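A quick write-up on the structure given underneath.
The values are calculated or read from the model by the stated rules, or taken from the named source; none is laboratory data. Note that the structure is predicted; figures quoted are calculated from it, not measured. Here the Cβ positions follow ideal geometry from the backbone for every residue, glycine too, while neighbour counts run over all protein chains shown. Surface accessibility is based on the protein's heavy atoms, side chains included, excluding ligands, DNA and RNA. Shrake-Rupley method; radii C 1.70, N 1.55, O 1.52, S 1.80 Å.
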Amino acid sequence: MDSALFSGYTTFIYLAATFFYVALAIFRIERLGLFATALTIIGVLANGIGIGLRWVESYQLGIGYIPLANMYESLVFFAWTIAIVYLAIEHIHKTKYLGVYVVPFAFLAMAYASFSTEFSKDIKPLLPALQSNWLAAHVITCFIGYAAFTIACGLAILYLVKRGTGEVLQKKSGAPEAAGPSLAQLDSIIYKMIVFGFLWLTVGIITGAVWANSAWGTYWSWDPKETWSLITWFIYALALHARFTRGWDGTRMAWSALVGFVSVVFTYYGVNFILSGLHSYGG
Amino acid sequence: MKFKENPIVDYFSSVRFALLLLPLLVVGSIVGTIIPQDQPIGVYLEKYGQTNAIILEILGLSKTYSSLWFKALLVLLCLNLVACSLHRIPQVLKVIKKDNLNTDIAKLMRSEDKVLFSSNTDMKSAETAVYEILRQKNWLVRSRDNADVLLFFAEKGAWSRLGPYLVHISILIIILGALVGSYFGFKAFVMVPEGGATTEVYQRNDAQTKIPLPFTLRCDVFDIEYYANGMPKEYRSDLVALENEKEVANKRITVNAPLTYSGLTFYQSSYQPIQNQYTVEMTKKTVTKGNNQASGSKQKVYVEAREKHAWQDNLVRFEIVETGEDGHGHGPYKIWFDDELGVPAHLVLEDQKPLIIERGGASYEIMIKQRFATGLQVVKDPGVWLVYLGFGLMLLGLYVAFFMSHRRLWISIQEKGATLTIILTGSSNKNQDGFSKTLEDIATGLLNEKTLKLRRL
């Protein structure tokens, strides 16, 4: 049993979970939802075991580091975080109708990690700059933020789809409907995910700054990754201020979540593969 | 402050202005990540053509983040933050300090979240019971008797309304810290050869301004450790700070572990092999006949290849005759060696691997490696503590702003004949759904209090 095998399993389990969530949305049979949730939980376990095994394998190779140091490892962790945060939302809001718009992101992240040839999947020793306890703190906090923003984006798509079918946002959120959450509930979850993500992104940027200062003597150098994380931070700060002071909820909040997510993707992926800078450890 | 009186000042101190500044900062920042920064003009000429390159230079896009317009945007954002805060904080303080016991009962009755009770108990015991229940649930309780109505007011988290302003202030503190760092500190660079020392460093600007150090910095050893696959594992330098030739600080620095002394921090930043120079460490052990005791002497020298070197009054002589290239650019070495005990010899040494030479009455251990200069980033940043303080306040402020709420409760007790009418109502500035549960919890608490003899209406 090795970590790559578990990553492969995880990809297919998330795919299967996605199918069940889609089937639930179409056929509206409660039991399909149970399968979907069960599969997502199994996926989270397999994903976690995969990460754990890779950690052990790195020690067996005499390198020994927490597997969060390159594009492949971060994608696997990203998928894991999305699935865990999603399960928490499903548990808190007692609805399975959101899975269709969230679990596919976990699947896509895993599939990209498993099948892409753009980056190496080997366990490679850490460059001297990465050998720091800040690595784990920085990557984990950033990716919790990214996962929350991804979920906000998924739910924003759902919101816009529902809005497109003519549903109207009611100010007072009622009990969950059979057809899944109301627009008001979706709006509230999207807002909460953005707040949650914003907080973790802030911690991520701060841990990154403190780390940079302890390794290079400069907490901010306008390197493209740093700059893009700040751009993302500005975009969500803008969305939150617009909501607080200009009443940007509902459709406009959903669009903000989409724009924010584009910025997240560029911060995460675009910077590594399109721009170049201090952070190009991904390749 | 009376911002209201001037519409222009009013706009610049509004959140609406911030909602304009933030997108501008976003666009400016994006431009700076797309156009390569801090390159010589030639790069832009080649990449964008002459006209575009000139426009870029004029707009400051080759140094976006230090350009006048970008700084101006940041200054405006700071001023806006200050103005917004000065404008809003007094209003928020007014809400925090508001006399909530001066609330009209009719207004309370209009609240959506309310619970009505009736009771047969007397006013005095009702008052005590309600007070106790709220106190037990950690509410800050006040009450006022308004002739026919006894009104309780209880609240939690009033100060949490200041959370957003704490975040704004933290941004100002971070920027202040950055300014202190850039005006009173510097970022500099120096290469120190192994075995060498320096008393000055060079600022990272075009002029590379010399900055004298208040002490001498010596590098004893620079070393690179490699993984089995040839990737570098660790760069390290043994640094010593000297004042009046006395050692005052020393540390083996690595990339993530710098040396700080007297306000300056030295970071392992780069390295350079010094062309044609090698570090030779040689130990000589002499065995004295009779008592079988070894006496040794050791020395470390920096030598050039193809030059003879002498040791111990010219008794021991050696020369690096030839240097090879291994994976990392040096070794194996061919050396010529001679001493008073035998005939001259030619030997081969691997890089950094000690070789033992037996010469009758003595044995030598020789080790050769490339001589390096360590590249140190030298930073003086007296503003960094402000930046870190700002980070801490920002996290605290965000937590307070998003996860704490100002919850207010009113309970009125009204005497109507032999029965008491009790109204429980309240509001929260955030998370109204969560607050409804809190209200329900208090209603249950009141119902469970036997002395109150409540009936829910």
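Counting only residues that are out of contact with any helix residue (DSSP H, G or I) (no Cβ under 8 Å at 6 or more places or on another chain) and under 27 Å from B:Ile175 (Cβ atoms), which one in the stretch B:37-81 is most open to solvent (accessible area, probe 1.4 Å)? Filtering first and then ranking leaves B:Leu68. Among the residues making up the stretch B:398-438, a single one is facing another protein chain (nearest Cβ under 10 Å) and acidic (Asp, Glu): B:Asp433.
Of all the residues in the stretch B:233-283, those that are part of a strand (DSSP E or B) and either charged (D, E, K, R) or on the phi > 0 side of the Ramachandran plot (or both) number 11.
Can you name the residue in the stretch A:251-265 that is touching a residue at least 24 places away in the same chain (Cβ under 8 Å) and surrounded by fewer than 19 Cβ atoms within 10 Å (Cβ to Cβ) and, of all such residues, is farthest from the other protein chains (Cβ to nearest Cβ)? Looking at residues that are touching a residue at least 24 places away in the same chain (Cβ under 8 Å) and surrounded by fewer than 19 Cβ atoms within 10 Å (Cβ to Cβ), I get A:Thr251. Answer with yes or no whether B:Ser29 is over 27 Å from A:Glu226 (Cβ atoms), open to solvent by less than 20 Å² (accessible area, probe 1.4 Å) and within 14 Å of chain A (Cβ to nearest Cβ). For B:Ser29, the condition - over 27 Å from A:Glu226 (Cβ atoms), open to solvent by less than 20 Å² (accessible area, probe 1.4 Å) and within 14 Å of chain A (Cβ to nearest Cβ) - is not met.
The residue that is nearest to B:Lys453 (Cα to Cα), among those in the stretch B:390-435 that are over 33 Å from the mean Cα position of the chain (by Cα) and among the basic types (Lys, Arg), is B:Lys416. Being open to solvent by 20 Å² or more (accessible area, probe 1.4 Å) and more than 7 Å from chain B (Cβ to nearest Cβ) is the filter here; which residues of the stretch A:223-245 pass it? Answer for the stretch A:223-245, where residues must be open to solvent by 20 Å² or more (accessible area, probe 1.4 Å) and more than 7 Å from chain B (Cβ to nearest Cβ): A:Lys225, A:Glu226, A:Trp233, A:Arg243, A:Phe244. Determine if the stretch B:159-179 includes at least one residue that is within 14 Å of another protein chain (Cβ to nearest Cβ), part of a strand (DSSP E or B) and surrounded by 16 or more Cβ atoms within 10 Å (Cβ to Cβ). No; the residues of the stretch B:159-179 include none that is within 14 Å of another protein chain (Cβ to nearest Cβ), part of a strand (DSSP E or B) and surrounded by 16 or more Cβ atoms within 10 Å (Cβ to Cβ). When the residues of the stretch A:199-222 are filtered to those that are open to solvent by less than 10 Å² (accessible area, probe 1.4 Å) and within 10 Å of chain B (Cβ to nearest Cβ), which remaining residue is nearest to B:Asn256 (Cα to Cα)? Filtering first and then ranking leaves A:Ala215.
I'm checking my understanding of the structure. Among residues of the stretch B:187-200 that are over 19 Å from B:Ile274 (Cα atoms) and touching a residue at least 60 places away in the same chain (Cβ under 8 Å), which one is most open to solvent (accessible area, probe 1.4 Å)? Among residues in the stretch B:187-200 that are over 19 Å from B:Ile274 (Cα atoms) and touching a residue at least 60 places away in the same chain (Cβ under 8 Å), the one most open to solvent (accessible area, probe 1.4 Å) is B:Lys187.
Going through (1) over 25 Å from the mean Cα position of the chain (by Cα); (2) within 11 Å of chain A (Cβ to nearest Cβ) one by one, B:Cys219 falls short only on (2).
Screening the stretch B:335-413 for strands (runs of 3 or more DSSP E) wholly inside it with 3 or more residues that are open to solvent by less than 10 Å² (accessible area, probe 1.4 Å) returns the ranges B:362-380.
Annotation note: Cβ proximity below 8 Å between a residue of the stretch B:5-28 that is part of a helix (DSSP H, G or I) and a residue that is of a type in the set (Ser, Thr, Tyr) (sequence gap 6+ or interchain) occurs for B:Val15/A:Thr245; B:Arg16/A:Thr245; B:Phe17/B:Tyr11; B:Leu19/A:Thr245; B:Gly28/B:Thr64. In the set (1) open to solvent by less than 40 Å² (accessible area, probe 1.4 Å); (2) closer than 24 Å to B:Lys353 by Cβ, the condition left unmet by B:Asn256 is number (2). Residue-level check: of (1) under 30 Å from B:Pro214 (Cα atoms); (2) in a helix (DSSP H, G or I); (3) open to solvent by less than 20 Å² (accessible area, probe 1.4 Å), B:Phe435 misses just (1).
So if I check each of B:Leu395, B:Leu389, which one is touching a residue at least 60 places away in the same chain (Cβ under 8 Å) and either closer than 30 Å to B:Thr323 by Cβ or within 14 Å of another protein chain (Cβ to nearest Cβ) (or both)? Let's see the steps before the verdict.
Details: B:Leu395 fails: touching a residue at least 60 places away in the same chain (Cβ under 8 Å).
Of the residues listed, the single one that is touching a residue at least 60 places away in the same chain (Cβ under 8 Å) and either closer than 30 Å to B:Thr323 by Cβ or within 14 Å of another protein chain (Cβ to nearest Cβ) (or both) is B:Leu389.
Here the stretch A:266-283 is the region considered, the condition is being under 20 Å from A:Leu127 (Cα atoms) and within 12 Å of chain B (Cβ to nearest Cβ), and the residue that is modelled with the highest pLDDT is A:Val271.
Tell me the residue from B:Lys289, B:Lys285 that is open to solvent by 30 Å² or more (accessible area, probe 1.4 Å), over 24 Å from B:Ala197 (Cβ atoms), modelled with pLDDT under 85 and in contact with a Gly (Cβ under 6 Å, 6 or more places away or on another chain), please. First the steps, then the outcome.
Values: B:Lys289 fails: in contact with a Gly (Cβ under 6 Å, 6 or more places away or on another chain).
Being open to solvent by 30 Å² or more (accessible area, probe 1.4 Å), over 24 Å from B:Ala197 (Cβ atoms), modelled with pLDDT under 85 and in contact with a Gly (Cβ under 6 Å, 6 or more places away or on another chain) holds for just one of B:Lys289, B:Lys285, which is B:Lys285.
Yes or no, residue by residue, for (1) more than 22 Å from A:Gly208 (Cβ to Cβ); (2) out of contact with any helix residue (DSSP H, G or I) (no Cβ under 7 Å at 6 or more places or on another chain):
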residue: B:Gly383; (1), (2): no, no
residue: B:Val387; (1), (2): no, no
residue: B:Arg407; (1), (2): yes, no
residue: B:Ile411; (1), (2): yes, no
residue: B:Ile423; (1), (2): yes, no
residue: B:Thr438; (1), (2): yes, yes
residue: B:Ala443; (1), (2): yes, yes
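Put simply, of B:Thr209, B:Thr254, B:Thr265 the only residue that is in contact with a strand residue (DSSP E or B) (Cβ under 8 Å, 6 or more places away or on another chain), among the polar types (S, T, N, Q) and at pLDDT 95 or above is B:Thr265.
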